[in-house]
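Asker: Provided herewith is a single structure, encoded as structure tokens, for subsequent inquiry.
The values are calculated or read from the model by the stated rules, or taken from the named source; none is laboratory data. Everything numeric in this text was worked out from a predicted model, so none of it was measured. Note: ideal-geometry Cβ built from the backbone for every residue, glycine included; neighbour counts use all protein chains shown. Note: areas computed on protein heavy atoms with side chains; ligands, DNA, RNA excluded. Shrake-Rupley method; radii C 1.70, N 1.55, O 1.52, S 1.80 Å.
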Amino acid sequence: MDTKPLTVDGFLDAVPTPGDAPYTARFQLVVSPTDDVVDDVIWSCTTSKPGITHALLTEIQPGYLLHVSGVLTQPDSAAETARLTVDSLEVLATAPARALKEMVIDRYGDYVVVFDADTDAVPVFTALGQWVGRAESPDAIGTLIEIHERVNGGDA
């Protein structure tokens, strides 16, 4: 395997995940050598630095602009992807605040429902977070709660 030192700026593509070994993390970085989206490259990154791992798993969000340095490992076969092992990370800019897109959480006694303007279906949970089901429309919420209480013996 061929390795090279590399420093790039890129946007965190998705929520980082814990790595295979303890105190490690995996994440993907979108790097654009030009301002054209066609030229975007997604780098698969890993780190075993505890401070970076902690920041990735608890603080850094998708959309953050990051400056990372590490070692790029080129695979022996073309079927495998290159991997950037990150040794240093700096947040250059945070992600813009996301709009809620007309999503509303409401309470029905011991139940919580989530109204989303993009769909008629309404997810229903108990106040403790147990999944109850999905009502096909807001009109069906009461029926779903009644069925849940009948099956589970009353209160949520």
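Asker: In the range 32-51, is there at least one residue being in contact with a Pro (Cβ under 6 Å, 6 or more places away or on another chain) and surrounded by 14 or more Cβ atoms within 10 Å (Cβ to Cβ)?
Answerer: Within the range 32-51, not a single residue is in contact with a Pro (Cβ under 6 Å, 6 or more places away or on another chain) and surrounded by 14 or more Cβ atoms within 10 Å (Cβ to Cβ).
Asker: Please enumerate the residues belonging to the range 21-38 that are free of Cβ contacts under 8 Å to residues at least 24 places away in the same chain, outside any strand (DSSP E or B) and either of a type in the set (Gly, Ala, Ser) or in contact with a strand residue (DSSP E or B) (Cβ under 8 Å, 6 or more places away or on another chain) (or both).
Answerer: The answer is 32, 33.
Asker: For residues that are small (Gly, Ala, Ser) and not in a loop (DSSP other than H, G, I, E, B), scanning just the range 69-80, find the one that is nearest to residue 47 (Cα to Cα).
Answerer: The residue in question is 70.
Asker: List the number of the failed condition for residue 60; all other conditions in (1) over 17 Å from residue 93 (Cβ atoms); (2) surrounded by 14 or more Cβ atoms within 10 Å (Cβ to Cβ) hold.
Answerer: (1)
Asker: Scan the range 64-82 for residues that are open to solvent by 70 Å² or more (accessible area, probe 1.4 Å) and either within 20 Å of residue 33 (Cβ to Cβ) or modelled with pLDDT of 80 or more (or both) and jot them down.
Answerer: Matches in the range 64-82: 81 only.
Asker: On the basis of being open to solvent by 30 Å² or more (accessible area, probe 1.4 Å) and among the hydrophobic types (A, V, I, L, M, F, W, C), does residue 29 make the cut?
Answerer: No; evaluated as a whole, the condition is false for this residue.
Asker: Being surrounded by 13 or more Cβ atoms within 10 Å (Cβ to Cβ) and more than 17 Å from the chain's Cα centre (by Cα) is the filter; apply it to the range 8-22 and report the residue that is farthest from residue 74 (Cα to Cα).
Answerer: 9
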